[in-house]
Number of protein chains: 2
Amino acid sequence: MSNQAVINKRLSGLDEILDKSAQLMAHMGYHGTSMRDLAQVTGRSLSGLYHYFSNKEELLFLINQRGFTSLLKMSNDLLKQDLTTKERLSGLISNHVSYFIDHLSEMRIMTSGSMEMNEQRSHILWKLKEEYARLGQNIVGNYMREQAETDYSEDAIIRKTFLLYGMMNWIFGWYSEQEHGAAKDVSDDIFRTFTCGCCSTE
Amino acid sequence: MSNQAVINKRLSGLDEILDKSAQLMAHMGYHGTSMRDLAQVTGRSLSGLYHYFSNKEELLFLINQRGFTSLLKMSNDLLKQDLTTKERLSGLISNHVSYFIDHLSEMRIMTSGSMEMNEQRSHILWKLKEEYARLGQNIVGNYMREQAETDYSEDAIIRKTFLLYGMMNWIFGWYSEQEHGAAKDVSDDIFRTFTCGCCSTE
DNA sequence: TAAATTAACGAACGGTCGTTCGGATAATTA
DNA sequence: TAATTATCCGAACGACCGTTCGTTAATTTA
């Protein structure tokens, strides 16, 4: 097996652990999920898990890091395309909502803070989150300044961006595919509501 | 001391415990907060806590029940007043946001689900939540149907209401009074954004 | 004041927690 | 094939968990 394949195999094993752990932790909470629980759902022994990470806290970190890195990559790819401001905003929302709905468990963990982590790890996550937040704020700010003749303060734009992310991040509190439609329906609804208000049909 | 005073004293003791427990649990999570931690922050002994509730799960239940009951009472009071549909929506948002900002820790717990509770208790909370949700859906539905000539499906209104509550319930993820203004500024922003879109100055 | 109730406590219980260790097995490399 | 490395495991460690018990102090009631 080639070197890359080894790495892939390893990452594949880790990825599977991260997925299943996130699913359990999303239901039971970080402290409410024991290493023995995780060993069971991943089909491994308790001590065998420590081959993939050095302790439980690092597992939580890896789940967060992987998620935010994916979100960031998607959004950076979006910025590379030649799009209008409106299309950028629409794309940002669509990306975020799709990823959210496809990774409900991970996102539940990612949106519940990182109080349990040491300073270095939470700093790394904080930087990722901030980069992602700033990216969103820029897109929202460009859209708002382009649409309206009035100028907006930086604070106003930041707060408005938080409102947008609130609509998206609250999804885990209610969404089910059969009841509330496909991801595209939800992201369209959010885009219309955010740009034109709740009664818009545009 | 009168009977009522006794009850007040007792409730006062319990209320203080619920407040301080909610504050700690909001930071550390339910499982991440030990009864010994709670004993310390409430200035009581470990075993002394069990005078006020029979176990840790009931404490979590009481925090949730008290919160949702307060929210429901506020909103029911609102419906008793003679207001326009628009004023009702504005009042609903204002009430929710004010309570949220004044009780950030409790709301963080209340919005993080009730997976840890037994069937009977979580059913009681589920009923409270549903009553509060339906109340919001009615107000939002009335507003939307009144504003637009087109008709909206029940599902569309429900989803739109979730978007509104998303903007409000995400507050704990970012709000600080010094950075983001008073509660009234936030609720005004949410009302305008929800009714007329992000660029509205209404 | 006597009785009754409320509020509070220290000590201890069995159980579960995260983590470690030494060694086994499987896969890859030289 | 031999050496090396990646996976994986059972057993055990001390620490901490939620809860219970018997008892005492404080407060209210009769």
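The values are calculated or read from the model by the stated rules, or taken from the named source; none is laboratory data. Predicted model only: the values in this text are computed from it and were never measured. Cβ placement follows ideal geometry from the backbone for every residue including glycine, while neighbour counts extend to all protein chains displayed. Protein only, heavy atoms only, side chains kept; ligands, DNA and RNA dropped before computing areas. Shrake-Rupley method; radii C 1.70, N 1.55, O 1.52, S 1.80 Å.
Quick notes on this one:
- Pair list, Cβ < 9 Å and 6+ apart or interchain, from the range A:12-41 residues that are acidic (D, E) to residues that are within 12 Å of DNA strand D (Cβ to nearest atom): A:E16/A:T42
- Qualifying residue in the range A:183-191 (condition: closer than 25 Å to B:G173 by Cα, at the interface with chain B (Cβ under 7 Å from one of its Cβ atoms) and not polar (S, T, N, Q)): yes
- Unique residue being surrounded by 19 or more Cβ atoms within 10 Å (Cβ to Cβ) and touching a Ser or Thr at 6+ places or on another chain (Cβ under 7 Å) when the list is B:S114, B:S122: B:S114
Here's the yes/no breakdown for (1) part of a helix (DSSP H, G or I); (2) open to solvent by less than 20 Å² (accessible area, probe 1.4 Å); (3) outside the structural domain of A:R88 (by TED's automatic domain parsing); (4) among the polar types (S, T, N, Q):
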{"site": "A:L128", "(1), (2), (3), (4)": "yes, no, no, no"}
{"site": "A:T150", "(1), (2), (3), (4)": "no, no, no, yes"}
{"site": "A:L163", "(1), (2), (3), (4)": "yes, yes, no, no"}
{"site": "A:M168", "(1), (2), (3), (4)": "yes, yes, no, no"}
{"site": "A:I171", "(1), (2), (3), (4)": "yes, yes, no, no"}
{"site": "A:E179", "(1), (2), (3), (4)": "yes, no, no, no"}
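- Within the range B:92-108, tally of residues that are within 13 Å of B:A183 (Cα to Cα) and open to solvent by 10 Å² or more (accessible area, probe 1.4 Å): 8
- Within the range A:10-25, the residues that satisfy the criterion of being buried (at least 16 other Cβ atoms within 10 Å of the Cβ) and touching a Phe, Trp or Tyr at 6+ places or on another chain (Cβ under 8 Å) are A:L14, A:I17.
- Residues within the range B:134-148 that are within 9 Å of another protein chain (Cβ to nearest Cβ) and open to solvent by 30 Å² or more (accessible area, probe 1.4 Å), tallied: 1
- Matching residues, the range B:38-70, being more than 16 Å from B:E116 (Cβ to Cβ) and open to solvent by 50 Å² or more (accessible area, probe 1.4 Å): B:Q40, B:V41, B:G43, B:R44, B:S45, B:L46, B:S47, B:Y50, B:H51, B:Y52, B:R66, B:T69
- Selection count where residues are touching a helix residue (DSSP H, G or I) at 6+ places or on another chain (Cβ under 9 Å) and within 9 Å of DNA strand C (Cβ to nearest atom), scope the range B:36-50: 10
- Taking the range B:122-137 as the range and being within 14 Å of B:T69 (Cβ to Cβ) and basic (K, R) as the test, the residues that pass are B:K127, B:K129.
- Residue list for the range B:192-202, restricted to those being in a loop (DSSP other than H, G, I, E, B) and within 8 Å of chain A (Cβ to nearest Cβ): B:G197, B:C198, B:C199, B:S200, B:T201
Matching residues to (1) touching a residue at least 12 places away in the same chain (Cβ under 8 Å); (2) not basic (K, R):
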{"position": "B:R134", "(1), (2)": "no, no"}
{"position": "B:Q137", "(1), (2)": "yes, yes"}
{"position": "B:I157", "(1), (2)": "yes, yes"}
{"position": "B:N169", "(1), (2)": "yes, yes"}
{"position": "B:F172", "(1), (2)": "yes, yes"}
{"position": "B:T201", "(1), (2)": "no, yes"}
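- A:N76 being away from DNA strand D (no atom under 13 Å from the Cβ), of a type in the set (S, T, N, Q), open to solvent by 40 Å² or more (accessible area, probe 1.4 Å) and away from every other protein chain (no Cβ under 14 Å): yes
- Looking at A:L89, A:L24, just one residue is outside the structural domain of A:D188 (by TED's automatic domain parsing) and more than 14 Å from the chain's Cα centre (by Cα), and that residue is A:L24.
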